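The values are calculated or read from the model by the stated rules, or taken from the named source; none is laboratory data. A quick note: this is a predicted structure, and the numbers were derived from the prediction, not measured. Neighbour counts are summed over all protein chains in view; Cβ atoms, including those assigned to glycine, are modelled from backbone coordinates with ideal geometry.
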Amino acid sequence: MKPLAIISLASLALSCVVQASTAATPAENYLDLWQLQQEARQADPRILMAYARTQGGAGRKREAYGQFLPQLNASTSHNRSLREDGLNRIEYNGKRYAMSLSQVIYAPQVWRSYQKFSALAEQTEFEYEDAQIQASIDLVERYFSVLAAEDELSLAQSELQSTERNQQRVNALFQRKMAMITDVLELAARVDTLKADVIEASNRVAISRETISELVGREVQEPLKRISVAPAFILPVQPQEYWVTTALASNPALQAREQGVRAADSALGEARAAHLPKLGLSLTAQRSDIGYEGNLTPRADHYVASLDLQVPLYSGGSTSARVVALQGDKSAAEQELEALRRQIIRETRTAYVSMAAGLSRIKATRQALESAEKSRIATEKALAFGVKNAVDVLDSIKEEFRARRDLYQAQYKFITSLLVLHRWSGRLGDADIRRANDWLVIP
């Protein structure tokens with residue numbers, strides 16, 4: 001039997017697909033993680049919504065503070081009166097001008113209300129910071145999901161091309177009765193399966209790109225930069241407990257919940273203060289020529305200064321009921337805080353372990369790829385001597401493709417775990433995104 005021609009290397013097939021794509025796309029049209037993050041920061045509805053809430057929180061805090069300041073009001077009235085009795089009919093005009101100034105002196109409810117809205121305003125600030133961090137992590141995960149989907153598509157296309165070439169060779173050999181029918185059928189089935197895999201992989205690429213379009217608010221069709229051939233991945237020098245401690249001290253989501261508990265406590269104090277008296281100062285100045293029942297009187301000026309004391313006695317039990325309800329709200333807020341604290345500890349430790357394991361997995365998958373390449377070469381040589389058949393060669397190529405895909409995915413997972421670790425620690429910033437972006441290059 002005439003030996004089959006040596007099947008093209010899987011890596012060569014994959015590089016041909018990538019190089020063809022690169023040659024057709026100018027370098028300036030490639031997008032990277034940093035560019036998309038800048039777009040998402042201006043377009044992600046979650047970030048914009050969180051920012052709008054900070055504006056609302058600041059406004060309500062200022063509104064509550066305004067209750068401490070003097071309240072100045074002015075009023076005026078002009079009327080025309082007609083007075084008739086048995087002897088006279090009189091028409092006359094009347095005028096009244098008044099100005100009043102009030103100032104709270106002792107108002108526990110007002111103070112507690114201000115504390116509540118101050119805490120709520122700070123809560124929205126931390127929630128805005130957390131929304132930015134979470135949006136960055138979402139973008140990173142979706143970016144690498146696109147790369148993973150494109151890897152699957154490229155590998156499936158490359159494997160299909162290699163299989164189709166060998167199918168043509170086997171068919172030619174079968175026509176000359178130099179190949180077995182089982183090889184022909186196996187290759188035909190493999191080609192059909194790979195065509196379906198290519199269609200499915202194409203769909204996954206389109207769907208994964210839509211997830212990025214959702215964040216940036218536009219259709220993303222540009223090619224994406226990919227991880228360089230030999231990225232310098234290193235682990236942070238800090239131990240795991242350092243990251244846990246940092247997360248508990250700096251995580252903005254946790255700080256937002258803490259402010260939520262503080263706001264709930266202030267709301268409870270505000271409700272309890274409804275049982276306490278309130279003292280205020282009032283100054284009033286009035287000029288009027290309108291007397292009792294609208295009678296015309298000589299113009300007179302009145303100046304009044306008064307201290308107003310209000311002592312609540314009974315409100316039908318509504319104040320006590322409100323206190324009970326707000327006690328429940330405070331307890332619920334405290335439990336939410338504790339649940340989040342435990343989640344942060346778990347997520348931080350998980351991200352650290354995943355990051356450490358990811359680096360080991362990158363080394364292992366790189367070695368597995370080297371072994372798969374050697375195995376495929378050995379299988380091709382065995383095919384030339386008739387020891388292996390075409391299906392064995394295709395299986396070895398498939399294993400090489402799978403090893404290459406696993407290496408890519410291990411790299412993606414390492415970068416994602418590293419950024420997730422920074423996310424839960426509350427220290428994910430532009431420098432971290434730029435550092436990850438430095439590992440991306442034009443293919």
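Taking the stretch 390-431 as the range and being assigned to a helix (DSSP H, G or I) and under 16 Å from the mean Cα position of the chain (by Cα) as the test, the residues that pass are THR416, SER417, LEU419, VAL420, LEU421, HIS422, ARG423, TRP424, SER425, ASP430. Look at (1) buried (at least 21 other Cβ atoms within 10 Å of the Cβ); (2) free of Cβ contacts under 8 Å to residues at least 60 places away in the same chain; (3) farther than 30 Å from ALA253 by Cα; (4) not small (Gly, Ala, Ser) and you find that HIS422 fails only one, number (3). I'm trying to understand the selection: among the residues of the stretch 343-383, which are of a type in the set (A, V, I, L, M, F, W, C) and either outside the structural domain of ALA403 (by TED's automatic domain parsing) or touching a Lys or Arg at 6+ places or on another chain (Cβ under 7 Å) (or both)? Correct list: LEU369, ALA382.
For the stretch 330-353, name all the residues that are of a type in the set (A, V, I, L, M) and either touching a Pro at 6+ places or on another chain (Cβ under 6 Å) or surrounded by fewer than 14 Cβ atoms within 10 Å (Cβ to Cβ) (or both). Walk me through how you get there before you give the answer.
In the first step, residues of the stretch 330-353 are kept if they are of a type in the set (A, V, I, L, M); the result is 332-333, 337, 339-340, 344-345, 351, 353.
Residues satisfying the conditions are ALA332, ALA339, VAL353.
Checked against (1) part of a helix (DSSP H, G or I); (2) more than 30 Å from ARG435 (Cβ to Cβ); (3) among the basic types (Lys, Arg), ARG96 meets all criteria but (1).
Do we have ALA253 as closer than 16 Å to LEU120 by Cα and either at pLDDT 95 or above or of a type in the set (Gly, Ala, Ser) (or both) here? Yes: the conditions hold for ALA253.
Listed by first and then second residue, the pairs with beta-carbon distance under 9 Å, at least 6 apart or on different chains, first residue in the stretch 44-69 and closer than 30 Å to GLU210 by Cα and free of Cβ contacts under 8 Å to residues at least 24 places away in the same chain, second surrounded by fewer than 18 Cβ atoms within 10 Å (Cβ to Cβ) and of a type outside the set (Gly, Ala, Ser), are LEU48/GLN42. Is it the case that ARG96 is over 30 Å from GLU141 (Cα atoms), in contact (Cβ under 8 Å) with a residue 60 or more places away in the chain and over 26 Å from the mean Cα position of the chain (by Cα)? Yes; evaluated as a whole, the condition is true for this residue. Just so you know, in the stretch 41-62 the residues that are in contact with a helix residue (DSSP H, G or I) (Cβ under 6 Å, 6 or more places away or on another chain) and of a type in the set (Gly, Ala, Ser) include one that is nearest to LEU120 (Cα to Cα), and it is GLY57.
Listed conditions (1) surrounded by fewer than 16 Cβ atoms within 10 Å (Cβ to Cβ); (2) β-branched (Val, Ile, Thr); (3) touching a helix residue (DSSP H, G or I) at 6+ places or on another chain (Cβ under 7 Å) are all met by VAL324, apart from (3).
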